[in-house]
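One structure below.
The values are calculated or read from the model by the stated rules, or taken from the named source; none is laboratory data. Source: prediction; values computed, not measured. In this analysis, Cβ positions are derived from the backbone assuming ideal geometry, glycine residues included, and neighbour counts consider all displayed protein chains.
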Amino acid sequence: MRKIIISLIALTIGLGLGVAIGWYVWPVTYTEAQPNRMGASWKDESIWMAAQAFAYDHDLEAAQTRLRPLDSEDLGALVLERATRAIEQNLPAIQIAYLARLAAALGARSPQTDVYLTP
Amino acid sequence: MSTRALVLILLVIGLVLGLGYAWLIDPVTFSESSPAQVTKAYREAWLLMAAEAYAQDDDWERTQTRLDALRDPNLAQTLAAAFDQYNAAGPNAKARALARLADRLNASTPGMQVYLAAIITPTPRPSPTPRVSATPHRTETPRPTATLEQPPTLTPTVTPIPDYQVIDRRAECGHGKQPPQIRVIVLDALGQSVPGKEVWITWEGGADRFVTGLKPEIDPGYGDFDMQLDQTYNVGVDKPTSVVVRDLRAEPCETEGRTSWRFILGPRTP
């Protein structure tokens, strides 16, 4: 009887260790994830970079290609929302301007962001 | 079987089962990936966006954060590959941005030099004597009564004597929609056309180059460059500083169109 109890305890400890190692020490790492799985802060950074890059190369098609994987049906609304949030966060005017201009190029404008359209 | 051996075996079996459960049956799922974990295509897009953003705003600190997010141990190679891919389509802004970023990372390749050479900052003109202002300017903050504004430290340079000279120079009026051009034929000492010669076109804040011989139907030593209407150009051979012709503009013709310039350049005779 004692032997069975010790065996069960050993098995349970082994199981617990295995699960702990598999979840916390060496968890499964994923690669080749879709960009829409990126964290919100990375998505924001991506939109911001797309806007900066658009200010540099004026390539709207490239900007759309870069934003589309973020999984938004309305790219203009996606960038406009980011621009609006940038205004609320008091981010630098140039940052808001880049976002507002890309949003406008994608057909999304608002009175709040329109003031940033002109240099 | 001893109890100790049994415990050990069951511990290992438990460990294996636990790992199998944690890795295969119910693995940890992260709801948020980082740029390092996304598809290769998007990682490439991320890199290009970071390069273009750096070219636009010159914000190196932010660029470094963006590059670090990729966790790419071979970033220099990745950059070079991306540059080659974009540069294959001919000179363009994206390749220029990648070249600039690679240069900042000390990872530029020979192919990038044409873009990096084009980033020319105008040489400051030295003022002969330091400017001394005897009276203070009216500003909110008081200034010393005499300020000595040192001119930038300049290494005296001697304008290099180009190895080439103009043998013939002609203004040609263009017709139709063809843009005005700088057309150059480079000859050798024997008067033979020289293909493969690098001709540099420089202007304030920029530079470009072409290689002779790409239009052998015109002349084996011929090459040309489309001029912008509002720009003043210099022409050099082999290197941008070796200027043979200065201050070329696409002036309006008397009839119609703009002036193109045709030069025959040959080695300077002693």
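Would you check which residues across the range A:76-96 are closer than 21 Å to A:E61 by Cβ and within 14 Å of another protein chain (Cβ to nearest Cβ) and list them?
Matches in the range A:76-96: A:V79 only.
Any idea which of (1) closer than 24 Å to A:G18 by Cβ; (2) touching a Leu at 6+ places or on another chain (Cβ under 8 Å); (3) not aromatic (F, W, Y) is the one B:V7 doesn't satisfy?
Status for B:V7: all satisfied but (2).
Since B:A50 meets every condition but one in (1) under 27 Å from B:R96 (Cα atoms); (2) modelled with pLDDT under 90, which condition does it not meet?
Here B:A50 clears every test but (2).
Rundown of residues vs (1) buried (at least 17 other Cβ atoms within 10 Å of the Cβ); (2) polar (S, T, N, Q); (3) under 28 Å from B:G111 (Cα atoms), yes/no style:
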| residue | (1), (2), (3) |
| --- | --- |
| B:D163 | no, no, yes |
| B:I182 | yes, no, yes |
| B:L190 | no, no, no |
| B:V194 | yes, no, yes |
| B:W200 | yes, no, yes |
| B:L214 | no, no, yes |
| B:D219 | yes, no, yes |
| B:M227 | yes, no, yes |
| B:D230 | no, no, no |
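Only one residue in B:A41, B:A50 is within 19 Å of A:E45 (Cβ to Cβ), among the aliphatic types (A, V, I, L, M) and surrounded by fewer than 19 Cβ atoms within 10 Å (Cβ to Cβ), so which one is that?
Matching residue, one of B:A41, B:A50: B:A41.
How many residues does the range A:1-11 contain that are facing chain B (nearest Cβ under 7 Å) and either closer than 30 Å to A:Q64 by Cβ or not basic (K, R) (or both)?
4
Within the set of pairs 6+ apart or on separate chains, which have a first residue in the range A:12-39 that is at the interface with chain B (Cβ under 7 Å from one of its Cβ atoms), a second that is exposed (fewer than 14 other Cβ atoms within 10 Å of the Cβ) and not aliphatic (A, V, I, L, M), and C-beta atoms under 6 Å apart?
Going by the 6 Å Cβ cut-off, the qualifying pairs are A:G39/B:E32.
What residue, of A:E61, A:E45, is surrounded by fewer than 22 Cβ atoms within 10 Å (Cβ to Cβ), closer than 22 Å to B:P35 by Cα and under 16 Å from the mean Cα position of the chain (by Cα)?
Unique residue meeting the criteria: A:E45.
For the range B:53-107, give me each residue that is under 18 Å from A:M49 (Cα atoms), away from every other protein chain (no Cβ under 13 Å) and of a type in the set (D, E).
The answer is B:E61, and nothing else.
Taking only the range B:24-47 into account, find how many residues are at pLDDT 85 or above and closer than 30 Å to B:L67 by Cα.
14
Residues in the range A:20-66 that are among the hydroxyl-bearing types (S, T, Y) and either assigned to a helix (DSSP H, G or I) or under 18 Å from A:A77 (Cβ atoms) (or both): how many?
The number of residues fulfilling the criteria is 5.
Just the residues that are surrounded by fewer than 15 Cβ atoms within 10 Å (Cβ to Cβ), assigned to a helix (DSSP H, G or I) and more than 7 Å from chain A (Cβ to nearest Cβ), please, taken from the range B:1-19.
Scanning the range B:1-19 gives B:R4, B:A5, B:L8.
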